[in-house]
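Here the structure is laid out as structure tokens; the discussion comes afterwards.
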Amino acid sequence: MKYWLLKSEAEVFSLNDLKNSPGQTTYWDGVRNYQARNFIRDEMKLGDKALFYHSNSEPNLIAGICKIVKEAYPDFTAFDPDNEHYDPKSKKENPAWFMVDVKWEEEFKNPVTLQSVKLNPKLKNMRLVQPGNRLSVMPVTKDEFEEILKMSG
DNA sequence: GCCAACGTTGGC
DNA sequence: GCCAACGTTGGC
């Protein structure tokens with residue numbers, strides 16, 4: 001099993017929004033970065049777990065956990081001219097962008113703030129705390145994942 | 001609201 | 001294929 005971190009602006013779509021979605025599940029649309037796309041398309045597997053991170057929030061934090069319940073399939077929002085994530089370069093016969101379905105799993109009793117991640121020496125290699133990192137989908141090691149869980153307890 | 005980082009676009 | 005311009009992300 002692999003571990004991930006998914007970023008979302010809390011005001012746009014929060015972990016609580018996921019919890020309140022039908023079946024506590026939604027499609028993770030709008031990823032328009034090739035590196036993130038490759039993670040989604042090539043490496044995310046059924047049952048993988050992902051930390052749910054709130055960016056542009058007060059404070060920024062890891063709110064809880066979701067899991068991958070459907071592996072990569074074409075991001076259909078890219079085909080829709082009326083959708084804000086529309087991308088004419090992505091064709092139905094040759095999709096450029098992909099999505100997975102994620103399901104709510106757990107809300108941390110003690111959310112793990114970005115600040116506390118930065119202060120934990122064991123987490124200094126996380127991509128989340130590397131300067132200038134803008135990836136919205138990133139891998140997390142098992143050790144890092146478990147350390148975050150410890151901090152959330 | 002500012003601005004640094006960085007990915008993408010497009011002219012050449 | 002280079003690189004400047006531009007747009008976006010995201011922490012502060």
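Annotations for the structure displayed:
- Dipole magnitude for the range A:1-56: computed about the Cα centre from +1 point charges on Lys and Arg Cβ and -1 point charges on Asp and Glu Cβ, it is near 200 debye.
- Among A:P139, A:P88, A:P74, the largest mean-square fluctuation in a Gaussian network model of chain A (Cα springs under 10 Å) belongs to A:P88.
- In the range A:33-116, the GluC sites (Glu not before Pro) that fall in loop regions by DSSP, at most 12 other Cβ within 10 Å: A:E84, A:E93
- Amide H partners (placed H, <5 Å) of A:G64, local residues excluded: A:F52, A:F108
- Using alpha-carbon coordinates, inclination of helix A:142-152 to the longest axis of chain A, degrees: 60
- With the convex hull drawn around the C-alpha atoms of chain A, the volume per residue stands at 114 Å³.
- Relative contact order for the range A:22-153: 28 percent, from Cα pairs under 8 Å spaced at least 6 residues apart, divided by residue count.
- In the range A:13-93, Cα pairs under 8 Å separated by at least six residues give a relative contact order of 23 percent.
- Computed per residue of chain A from DSSP H runs no shorter than four, each worth -39500 (n - 2.57), the mean residue ellipticity at 222 nm is -4500 deg cm²/dmol.
- Each Lys and Arg Cβ is given +1 and each Asp and Glu Cβ -1; about its Cα centre, chain A then shows a dipole of about 560 debye.
None of the figures in this text is laboratory data; all of them are computed from the coordinates on show. The structure displayed is predicted, hence computed values, not measured ones. Every residue, glycine among them, receives a Cβ derived from its backbone with ideal geometry; neighbour counts consider all protein chains shown.
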